[in-house]
Amino acid sequence: MAAQFAAAGVLTGLLALATFASCNTEGDILYKQRQAWEDPNNVLQSWDPTLVNPCTWFHITCNNDNSVIRVDLGNAGISGPLIPDLGGLENLQYLELYDNILNGSIPATLGNLSNLVSLDLYSNLLTGAIPTTLGAISTLRYLRLYENNLTGSIPPSLGNLTSLERLELQKNALNGAIPSSLGNIKSLQFLKLNANMLSGTLPLEVLSLVIAGNLTELNIAKNDLASTVRSSGLRVTAIIQDKLKTT
C-alpha cells in the first residue's frame, strides 16, 4: 500500500510538472520554433522545454515578470522558417534574427507584437510579401528587412508606423510604387529602398520628410523610378538615386 501511495505521489508530481510546463506559453512557442529550425552550431542547446520558463535560456531576455522581451539570434547560423506562433510573444520588444539562413515568408502574425521596438530580419533568404499587418505595430522604431528575396509591393500600412526611425528594405525584389503614406512618418531618419524593382515617381509626401521630418538619408537608387529629383540642397545628408529619367 505504501508503495502504491509513493508511486501515485510521483505520478502526481510528474503530471503537475508537465501541466506547469505546458502553461508556459512563451516557452512552448520558442521551443516549437527551435524544432522548426536547423541549428548546426547548437546555439539553441539551452532551450529546454522542461524548465519553468525560458528566461534561463541563452539568447533570451525576460522582464521582471519572467516574460520574454528579447530574442537575440543574429548571425547564429540557424536556418528554416519563422513559425506563425511567434506572434504570441505578446511582450516581445526585440526580435533580432538577422544574418542567418532563414527562409519562407514573414508570418502575418508578427503584426500582433504590439510592444515590438525592433524587427531585424535582414540578410536572410526570406521570400513572399511584406505583411500589411506590420503596420499595426505602433511601437516599432526599427524595421530592417533588407537583403532578402521579398516580393510584392511596399504595404501602404507601413505609413502608420509613426515612431519608425529606420525603414530599410533595400536589396529585395519589391515592385510597384513607393507609397505616399510613408510621408506620414515624421520620425524617419533612414529610408533605404535601393536595389529593388520599384516604379513610378518618388511621392512628394516622402520627399517632404527632408523638410518637415528628420530624414537624413533617402536611398532609392537601382530601381525603375521616373522623374526623380537630382538633389534637394536641403538639410538631408544624402539623397541617393539613379540619374534623372525623362522617359
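The values are calculated or read from the model by the stated rules, or taken from the named source; none is laboratory data. All figures in this text were calculated on a predicted structure; none of them were measured in a lab. Reconstructed Cβ throughout: ideal geometry from the backbone, glycine too, with neighbour counts over all protein chains shown. What goes into the accessible areas is simple: the full protein's heavy atoms, side chains included, and nothing from ligands, DNA or RNA. Shrake-Rupley method; radii C 1.70, N 1.55, O 1.52, S 1.80 Å.
Miscellaneous remarks
- With a requirement of 3 or more residues that are of a type outside the set (G, A, S), the strands (runs of 3 or more DSSP E) lying completely within segment 132-183 that satisfy it span 142-144, 149-152, 166-168.
- Checked against the criterion of being assigned to a loop (DSSP other than H, G, I, E, B) and open to solvent by 70 Å² or more (accessible area, probe 1.4 Å), segment 23-32 contains one or more residues that satisfy it.
Condition check ((1) more than 11 Å from the chain's Cα centre (by Cα); (2) open to solvent by 50 Å² or more (accessible area, probe 1.4 Å)) across all residues:
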site	(1), (2)
G111	no, no
S118	no, no
L125	yes, yes
G128	yes, no
L134	no, no
L145	no, no
L150	yes, no
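- Note on segment 187-216: residues that are assigned to a strand (DSSP E or B) and either open to solvent by less than 40 Å² (accessible area, probe 1.4 Å) or closer than 14 Å to L164 by Cβ (or both) amount to 5.
- The combined condition, being of a type in the set (G, A, S), in contact with a Lys or Arg (Cβ under 8 Å, 6 or more places away or on another chain) and surrounded by fewer than 16 Cβ atoms within 10 Å (Cβ to Cβ), is not fulfilled by A173.
- Condition check for A173: out of contact with any Ser or Thr (no Cβ under 8 Å at 6 or more places or on another chain) and at pLDDT 95 or above: no
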